[in-house]
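The values are calculated or read from the model by the stated rules, or taken from the named source; none is laboratory data. Source: prediction; values computed, not measured. Reconstructed Cβ throughout: ideal geometry from the backbone, glycine too, with neighbour counts over all protein chains shown.
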Amino acid sequence: MNQRTFFVKTFGCQMNERDSEIMSQTLSMHGYVEGMVMEQADLVILNTCSIRAKAEQKVMSLLGMLRKAKASNKGMQICVAGCVAQQEGEKLLERMPHVDLIIGTQNIYRIGECLEYARKNPGFIAIDLQDNYDIPRFMPDSDLSANKPAEFRKFVTIMQGCNNYCSYCVVPYTRGREVSRKVSDIIDEIKVLIEGGIREITLLGQNVNSYGKTNIVTDNGLPCSFADLLHLVAEIPGLSRLRFTTSNPKDLSDQLMRCFRDIPILCPQFHLPVQAGSDAVLKRMNRKYSVQQYLELVDTLRSYRPEIALSTDIIVGFPGETEEDFQGTMDLLEQVRYHGSFSFKYSDRPGTRSADFDDKVPEDVKTRRLIEFQARQDEISLERNREYLGSTKEIMVESINSDSIKGRTTTNHIVHVDSSGLGDNIRPGDLLMTEIYHAGQHSLKGKINS
């Protein structure tokens, strides 16, 4: 009997990427093998994101295409996972009746048994959310290096859900209330990863700053903050680099900021979403901090780690945002001078409070503001990159081709290096010292120190 093949298409954030890995490993344990062509797979999983309307529209378009593929492949199962699945449920099945399984964010560990049930009962929906949810203990493949020799870094989920209820955000409704994993499970998973050749770990959560605040995360019942966890992870032998994402400024403690000073392998790169540079807009967003408080955090971070590279998220055109409010965002950009940012036009998301707000900003105004912000950010990013000219930076090799190496600095900058004369001994995950001689808007160029 031939093994069933599966294909996973992932949309959205790093949390979804990690969830896709978990589903893939679970399927392998149930006898599936990963296929290369989506239309030819016995099982297609779309792991979805509903943070932005555009991502959801892409999923619906792809599901329409898969309807035709399934018509010619009667044995194909189609599964929708992730936040769109969690949010839409029955509505999604009404629009796309050819979908066999809709599985929510807390049920991905059960995907094997859910698929078996859906084979006899197509249209099965598993989207129940529990407030007292315990993240299952789940260990990665024991021999990563044998299966994927190019892998050298991994995401590790440390918590799920969110308790912040920002007025524009669907996460509390699609991933549930905040819950933290046990310290022992996290440490054990990272040890297995390192044994398999992983050298860089990124700890993941919707708001990692609040890790350990809502449930006991140690076996002995003692509290463990996120800063405590960072120190524990950094002590694991064999780990070269440590990162984390994402953080809410309202929960950023001085203890956590000191980690950038006190933990050598914690990369000096921090994504700290601000969303807007206006107190009035921040209040309507329910962000629970002011622009001044945010700027004080930035100053403290830079006092502990002067070379830290900061990035952020920006939403332009939030309901009620005036030209003065938007100018506040532009002023904040000038003050902080982010190394990079992810910026978006506001879009209503079903079920959020802001979807019912009055004073929606016209689409053409949102577009103009986004273009203005991104143009200035591009200029600042180039100016920031030029600050590295002439410096020597450690890069971790990501990929190698016939004439160049692509690596990444601790500050998360991509560096392209001429590989001629370097021999064949360099592998992804290796650390190299490079001298930066060129700065572009989105990457750097370097040469290996002789």
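Whether a residue is among the aliphatic types (A, V, I, L, M), outside the structural domain of S247 (by TED's automatic domain parsing) and at pLDDT 95 or above was assessed, and L62 does not pass this test. Condition first: under 18 Å from G82 (Cα atoms) and either touching a helix residue (DSSP H, G or I) at 6+ places or on another chain (Cβ under 8 Å) or of a type in the set (F, W, Y) (or both). Can you find one or more residues in the range 182-191 that meet it? Within the range 182-191 (the criterion being under 18 Å from G82 (Cα atoms) and either touching a helix residue (DSSP H, G or I) at 6+ places or on another chain (Cβ under 8 Å) or of a type in the set (F, W, Y) (or both)), the answer is no, since none of the residues qualifies. Looking at the range 105-115, is at least one residue β-branched (V, I, T), surrounded by 19 or more Cβ atoms within 10 Å (Cβ to Cβ), in a strand (DSSP E or B) and in contact with a strand residue (DSSP E or B) (Cβ under 9 Å, 6 or more places away or on another chain)? No: zero hits. Checking every residue in the range 352-363 against the condition of being assigned by TED's automatic domain parsing to the domain that holds Y168 and under 30 Å from E435 (Cβ atoms) gives zero matches.
Would you pick out the residues in the range 252-266 that are within 18 Å of N207 (Cα to Cα) and of a type in the set (A, V, I, L, M, F, W, C)? The answer is L252, L256, M257, C259, F260, L266.
For the range 10-33, taking the residues that are outside any helix (DSSP H, G or I) and under 23 Å from the mean Cα position of the chain (by Cα), the one that is nearest to G112 (Cα to Cα) is identified as T10. The set of residues in the range 394-415 that are buried (at least 20 other Cβ atoms within 10 Å of the Cβ) and among the charged types (D, E, K, R) contains only R408. Look at the range 416-450 and say how many of its residues are surrounded by fewer than 16 Cβ atoms within 10 Å (Cβ to Cβ) and within 28 Å of the chain's Cα centre (by Cα). Summing the residues that are surrounded by fewer than 16 Cβ atoms within 10 Å (Cβ to Cβ) and within 28 Å of the chain's Cα centre (by Cα) in the range 416-450 gives 7. Identify, please: which residue in the range 51-95 is assigned to a loop (DSSP other than H, G, I, E, B) and out of contact with any strand residue (DSSP E or B) (no Cβ under 8 Å at 6 or more places or on another chain) and is, among those, surrounded by the most Cβ atoms within 10 Å (Cβ to Cβ)? This residue is I51. All conditions in (1) under 30 Å from G89 (Cβ atoms); (2) in contact with a Gly (Cβ under 8 Å, 6 or more places away or on another chain); (3) of a type outside the set (S, T, N, Q) hold for G317, with the sole exception of (2). For the range 309-331, the set of residues classified as of a type in the set (V, I, T) and surrounded by fewer than 21 Cβ atoms within 10 Å (Cβ to Cβ) consists of T322 only. Reported count of residues in the range 281-290, each being touching a helix residue (DSSP H, G or I) at 6+ places or on another chain (Cβ under 6 Å), in contact (Cβ under 8 Å) with a residue 24 or more places away in the chain and either surrounded by fewer than 21 Cβ atoms within 10 Å (Cβ to Cβ) or not β-branched (V, I, T) (or both), is 2.
Scan the range 352-359 and give yes if some residue there is basic (K, R), surrounded by fewer than 21 Cβ atoms within 10 Å (Cβ to Cβ) and closer than 29 Å to L382 by Cα, otherwise no. No, there is no match, as no residue in the range 352-359 is basic (K, R), surrounded by fewer than 21 Cβ atoms within 10 Å (Cβ to Cβ) and closer than 29 Å to L382 by Cα.
Restricting attention to the range 90-109, does a residue exist that is touching a Cys at 6+ places or on another chain (Cβ under 6 Å) and more than 30 Å from D313 (Cα to Cα)? Within the range 90-109 (the criterion being touching a Cys at 6+ places or on another chain (Cβ under 6 Å) and more than 30 Å from D313 (Cα to Cα)), the answer is yes, since at least one residue qualifies.
Candidates are the residues of the range 308-360 that are assigned to a loop (DSSP other than H, G, I, E, B) and hydrophobic (A, V, I, L, M, F, W, C); the one that is farthest from T410 (Cα to Cα) is F357.
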